[in-house]
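Visitor: Would you mind keeping the following structure in view while I ask a few things?
The values are calculated or read from the model by the stated rules, or taken from the named source; none is laboratory data. Quick caveat, the model's predicted, so the values are computed rather than measured. Every residue, glycine as well, gets a Cβ built from its backbone with ideal geometry; the counts of neighbours run over all protein chains shown. The area values use the complete protein model at the heavy-atom level, side chains included, leaving out ligands, DNA and RNA. Shrake-Rupley method; radii C 1.70, N 1.55, O 1.52, S 1.80 Å.
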Amino acid sequence: MAGSNYQPKSKLGQWIEYRLPIFSLIDGLFGSYPTPKNLNYWWSFGSLAGIALVVQIITGIVLAMHYTPDTSLAFASTEHIMRNVNYGWLMRYVHANGASMFFIIVYVHIFRGLYYGSYKSPREILWMLGVVILLLMMATAFMGYVLPWGQMSFWGATVITNLFGAVPVVGDSIVAWLWGGFSVDNATLHRFFSLHYLLPFVIVGVVIMHIWALHQHGSNNPLGIDVKGPQDTVPFTPYYTAKDLYGFAVFFLVFAYFVFYNPNFLGHPDNYIPANPLVTPAHIVPEWYYLPFYAILRAITFDIGIPGTDIVFITAKFAGVILMFASILILLVLPWLDTSKVRSAKFRPIYKQLYWLLVIDVFVLGYVGAKPPEGILPTVGLIATAYYFIHFLVIMPILGKKEKPLPLPESIANPVVKSAE
Ligand code: HEM
């Protein structure tokens, strides 16, 4: 981690520092820490994600003081929080909308990395730790959504846990093991609560490693070129503390809009109906942040085997499950799939356009995931899924070799590119 020679001025500070070098640690993290001087607001999303994580943990701990993870009481205890507990409604709405905010922030954070090539050497492990965080976040949010024990909680949990049943031979045993019984029931709710409480702290641990890896080589920057010397950096404080604080203020305004004016906009009304295993909702949809993955899951509508025979190698369901997990796991190897020497899309004219095509593709997947699979939508879902994988598996390796990047500036401090003569 970037070292710091910071020495506290007060006698007490020096006494503590000598025994526990906490002040120089803080200075190395947020104080004199040299940061590229050209970072834009997209670089505020990392610290924003940290804030969102803290908000989720604090509100979650308070909610857990009043929530009961028993199928007979979970729904009622959630309503009790909303109606009787002082500011319980606020805690719940901040926590529920906070999950959505957290995902928006992290998705922007990931797409920032994709645009500026932040996953490339020497930041591969930093990026991979990010992918681990994303997986943990998805698991945490999925289990959290089950806790209020509404209709979408129950049926969402039933659909998603049943997916593991598609695994050949051991599928049914895995599902029974996940449930702790023969359906989504009390044992399932209890373990989901336990894990939903635990995983955020695991995320904190991985975030610490994420920041550790970040500090090993420092931040990338919009130009995607390496820092050449002190002329290219500024101390984190006051420059980026001030910039990040502005970002926090804007974020909390957006967050407050949802919490105070439109708290159920991002949720599903069916989750205000108590879970009923005997009544399946007309249309089971996951939370918005899973929709692109849900579309990938449903993309394959046919069994894969030898046509004209009964021989099936992979059922449609299992193919969907594999693709859904692959769509995230593929990010782990992205640093090696991208063969370009240049990091930032600013200097990669073709990649820049294909990047935006990927963004559109993910939105299309999200749309398909939100709608019932009718009419043209399954075909659109299949094409968009295929394109998603083509982007990473075909375009990234080939484009990196074929594309002619624009001339790179000499340094961050001297960003004007000389004419090519
Ligand atoms: C709890 C979630 C996360 C937190 C708290 C977090 C925190 C941070 C922070 C504070 C930074 C430095 C500021 C910045 O560059 O924005 C950062 C950088 C970075 N993060 Fe994350 N992150 C999270 C999730 C992720 C995920 C899911 C990925 C990718 C899959 C990721 C990839 C990266 C990369 C590549 C950088 C370096 C960016 C650069 O220097 O250009 N992070 N993260």
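Visitor: Just name the residue that is nearest to Gly46 (Cα to Cα) out of those in region 179-202 that are open to solvent by 50 Å² or more (accessible area, probe 1.4 Å) and aliphatic (A, V, I, L, M).
Guide: In this case the residue turns out to be Val202.
Visitor: Return only the number of the condition from (1) within 12 Å of the ligand (Cβ to nearest atom); (2) open to solvent by 20 Å² or more (accessible area, probe 1.4 Å) that Ala256 does not satisfy.
Guide: (1)
Visitor: What is the residue count in region 89-105 for residues that are more than 10 Å from the ligand (Cβ to nearest atom) and among the β-branched types (Val, Ile, Thr)?
Guide: 2
Visitor: It is to be established whether one or more residues within region 140-147 are within 24 Å of the chain's Cα centre (by Cα), near the ligand (Cβ under 10 Å from one of its atoms) and either in a loop (DSSP other than H, G, I, E, B) or without any contact (Cβ under 8 Å) to a residue 40 or more places away in the chain (or both).
Guide: No, region 140-147 contains no residue that is within 24 Å of the chain's Cα centre (by Cα), near the ligand (Cβ under 10 Å from one of its atoms) and either in a loop (DSSP other than H, G, I, E, B) or without any contact (Cβ under 8 Å) to a residue 40 or more places away in the chain (or both).
Visitor: Further question: Filtering region 106-127 down to residues that are assigned to a helix (DSSP H, G or I) and near the ligand (Cβ under 8 Å from one of its atoms), which residue is nearest to Phe347 (Cα to Cα)?
Guide: Filtering first and then ranking leaves Tyr116.
Visitor: Which residue is farthest from the ligand (Cβ to nearest atom), if the candidates are limited to region 65-78 and must be surrounded by 15 or more Cβ atoms within 10 Å (Cβ to Cβ) and in a helix (DSSP H, G or I)?
Guide: Among them, the one singled out is Phe75.
Visitor: Does Gly205 satisfy the criteria of being loosely packed, with under 14 Cβ neighbours inside 10 Å, within 13 Å of the ligand (Cβ to nearest atom) and in the same structural domain as Ala74 (by TED's automatic domain parsing)?
Guide: yes
Visitor: Name every residue in region 208-223 that is within 9 Å of the ligand (Cβ to nearest atom), more than 21 Å from the chain's Cα centre (by Cα) and open to solvent by 40 Å² or more (accessible area, probe 1.4 Å), in order of residue number.
Guide: Selection gives His217 alone.
Visitor: Continuing with the same structure: Among Phe23, Phe30, Phe103, which is over 30 Å from Gln7 (Cα atoms) and either of a type in the set (Phe, Trp, Tyr) or in contact with a helix residue (DSSP H, G or I) (Cβ under 8 Å, 6 or more places away or on another chain) (or both)?
Guide: Phe103
Visitor: Still on this structure: State all residues of region 301-330 that are open to solvent by 50 Å² or more (accessible area, probe 1.4 Å) and among the small types (Gly, Ala, Ser); if no residue qualifies, say none.
Guide: Of everything in region 301-330, just one residue is open to solvent by 50 Å² or more (accessible area, probe 1.4 Å) and among the small types (Gly, Ala, Ser), namely Gly308.
Visitor: Moving on to the next point. Cβ-Cβ under 8 Å, sequence separation 6+ or interchain: first residue in region 35-49 and part of a strand (DSSP E or B), partner near the ligand (Cβ under 8 Å from one of its atoms) and open to solvent by less than 40 Å² (accessible area, probe 1.4 Å). Which pairs?
Guide: Thr35/Gly218; Thr35/Ser219; Pro36/Gly218; Pro36/Ser219; Pro36/Asn220; Pro36/Asn221
Visitor: Moving to a separate point now. Only one of Ile174, Ile125 is more than 26 Å from Ile57 (Cβ to Cβ) and open to solvent by 20 Å² or more (accessible area, probe 1.4 Å). Can you tell me which?
Guide: When all the criteria are applied, what remains is Ile174.
Visitor: Can you name the number of the only condition in (1) modelled with pLDDT under 95; (2) of a type outside the set (Ser, Thr, Tyr); (3) closer than 27 Å to Leu126 by Cα that Gln231 fails?
Guide: Checking Gln231 against (1) modelled with pLDDT under 95; (2) of a type outside the set (Ser, Thr, Tyr); (3) closer than 27 Å to Leu126 by Cα, the one that fails is (1).
Visitor: Ser153 - would you say it is open to solvent by less than 40 Å² (accessible area, probe 1.4 Å), among the polar types (S, T, N, Q) and in contact (Cβ under 8 Å) with a residue 12 or more places away in the chain?
Guide: Judged against the criteria, Ser153 is a match.
Visitor: Note down all Cβ pairs under 9 Å where the first residue falls in region 188-212 and is assigned to a helix (DSSP H, G or I), the second is modelled with pLDDT under 95, and they're at least six residues apart or on different chains.
Guide: Ile211/Met1; Ile211/Leu29; Trp212/Met1
Visitor: Filter region 266-302 down to the residues that are charged (D, E, K, R) and at pLDDT below 95 and list them by number.
Guide: Residues satisfying the conditions do not exist here.
Visitor: I've got another one for you. How many residues are crowded, with 18+ Cβ neighbours inside 10 Å, more than 19 Å from Thr161 (Cβ to Cβ) and not aliphatic (A, V, I, L, M) if we restrict to region 259-287?
Guide: Count: 1.
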